[in-house]
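Undergrad: Sharing a structure below in structure tokens format, with a few things to ask.
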Amino acid sequence: MNFQARIVLGTLLVISSFSMFSQTKNVMIMDEKINKKVLIGYCDRSGLEEGVFGTYFPSQYELYEPKEGTIKKLTEVINKAKITVVFGTWCSDSKLQMGRFYKILDETGYKEKNLTVIGVNRDKNALSVNIENLDVELVPTFIVYQNDKELGRIVESPKKSLEDDLWKIVKRVQ
């Protein structure tokens with residue numbers, strides 16, 4: 001194999017490894033700023049249920065009792081929306097809200113294929129996932145979209161309750 005072929009092959013291997021890393025979910029890294037392991041980049045429920053964060057997620061999920069009337073209203077329209085959540089496993093509000101949020105999703109029958117969950121470090125950086133365009137300052141941030149247009153967001157803590165604030169946003173879904 002000549003020198004040029006080796007360069008091309010090496011470049012392809014580097015590019016494909018970056019591509020594979022960016023598609024990996026539930027990556028744990030050491031956040032040097034807080035000296036703790038954190039989930040970073042794309043995550044799913046299993047990442048939230050394991051490790052240190054796993055001690056908070058199940059308890060909040062089980063203890064939370066969303067309002068039945070609001071859940072019924074949400075059920076009628078929530079699957080017409082896409083939701084992106086940016087959170088930090090190091091953040092007390094994320095520890096409180098993520099289990100509750102999934103409880104609401106489960107009770108409304110929300111299709112998780114419409115959900116994007118992104119973990120960030122203490123600097124609000126997701127490393128392999130560019131979140132700059134999401135304009136996230138505090139976590140967790142729940143952003144609701146329809147047809148790629150932002151309908152609204154819940155930032156850090158809900159004003160009333162997670163399901164009521166979510167209803168206030170998704171009731172505008174067409």
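The values are calculated or read from the model by the stated rules, or taken from the named source; none is laboratory data. As the structure is a computational prediction, the values presented were derived from the model and not from experiment. Cβ coordinates were reconstructed from backbone atoms using ideal geometry, including for glycine residues, and neighbour counts include every protein chain displayed. Note: accessible area is taken over every heavy atom of the protein model, side chains too, but ligands, DNA and RNA are not part of it. Shrake-Rupley method; radii C 1.70, N 1.55, O 1.52, S 1.80 Å.
Undergrad: Okay, helix-only estimate at 222 nm for the chain: each DSSP H run of n ≥ 4 adds -39500 (n - 2.57), divide by all residues, round to 500 deg cm²/dmol; what do you get?
TA: Roughly -12000 deg cm²/dmol at 222 nm, from the helical runs in the chain.
Undergrad: What list of ³J(HN,Hα) couplings, whole Hz, do you get for the range 95-108 from phi and the Karplus terms 6.51, -1.76, 1.60, once you set θ to phi - 60° and write x for glycine and proline?
TA: 4, 6, 8, 5, x, 5, 4, 5, 4, 4, 4, 5, 6, 9
Undergrad: Here is a further query. Note down the magnitude of the dipole of the chain about its Cα centre, charges +1 on Lys and Arg C-beta and -1 on Asp and Glu C-beta and zero elsewhere, to the nearest 20 debye.
TA: Magnitude of the dipole: close to 300 debye.
Undergrad: For the chain, what value does the Rg/Rh ratio take when both radii are computed over Cα atoms and Rh is the Kirkwood radius, given to two decimals?
TA: 1.06
Undergrad: Quick one: net charge of ARG153's neighbours, Cβ under 12 Å, K/R +1, D/E -1?
TA: So the surrounding residues net to -3.
Undergrad: Modelling each spin label as a point 7 Å along the Cα-to-Cβ direction, I'd like the LYS159/SER59 distance in nm, to one decimal.
TA: Those two pseudo-labels are separated by 3.0 nm.
Undergrad: For the range 19-100, which whole percent of the accessible surface, found with a 1.4 angstrom probe, sits on carbon and sulfur atoms?
TA: Roughly 52 percent of what the probe reaches on the range 19-100 is carbon or sulfur.
Undergrad: Be a star and scan the range 115-148 for residues whose amide nitrogen sits under 11 Å from the point 7 Å along the Cα-to-Cβ vector of LYS36.
TA: 122, by backbone N distance to the label point.
Undergrad: Ordered by residue, what ³J(HN,Hα) values in Hz, to whole numbers, does the range 156-168 give under the Karplus form 6.51 cos²θ - 1.76 cosθ + 1.60, where θ = phi - 60° and Gly and Pro are x?
TA: Computed from phi, the couplings for the range 156-168 are 6, 9, x, 6, 10, 8, 4, 6, 5, 5, 5, 4, 4 Hz.
Undergrad: Straight distance only, please: which lysines reach the Cα of LYS72 with their own Cα at less than 26 Å, same-chain residues fewer than 8 apart left out?
TA: Within the straight-line limit of under 26 Å, LYS72 reaches these lysines: LYS80, LYS82, LYS95, LYS103, LYS111, LYS113, LYS149, LYS159, LYS160, LYS168, LYS171.
Undergrad: Where does the longest stretch of the chain lie that holds no GluC sites (Glu not before Pro) found in a DSSP loop with 10 or fewer other Cβ atoms within 10 Å?
TA: 33-136
Undergrad: Within straight cross-link reach of LYS33, meaning Cα distance under 16 Å, which lysines are found once same-chain residues fewer than 8 apart are removed?
TA: LYS124
Undergrad: While we're here: Calculate, for the range 48-174, the solvent-accessible area per residue in square angstrom, rolling a 1.4 angstrom probe over the heavy atoms of the protein chains.
TA: With all protein chains present, the range 48-174 gives 52 Å² per residue.
Undergrad: Evaluate the relative contact order of the chain (contact order divided by residue number), counting alpha-carbon pairs under 8 angstrom at least 6 apart; express in whole percent.
TA: Normalised by residue count, the contact order of the chain is 24 percent.
Undergrad: So between LYS80 and ARG172, what do we pick up on full extension, going 0.36 nm a residue minus the alpha carbon distance?
TA: Gain on stretching LYS80 to ARG172: 32.1 nm.
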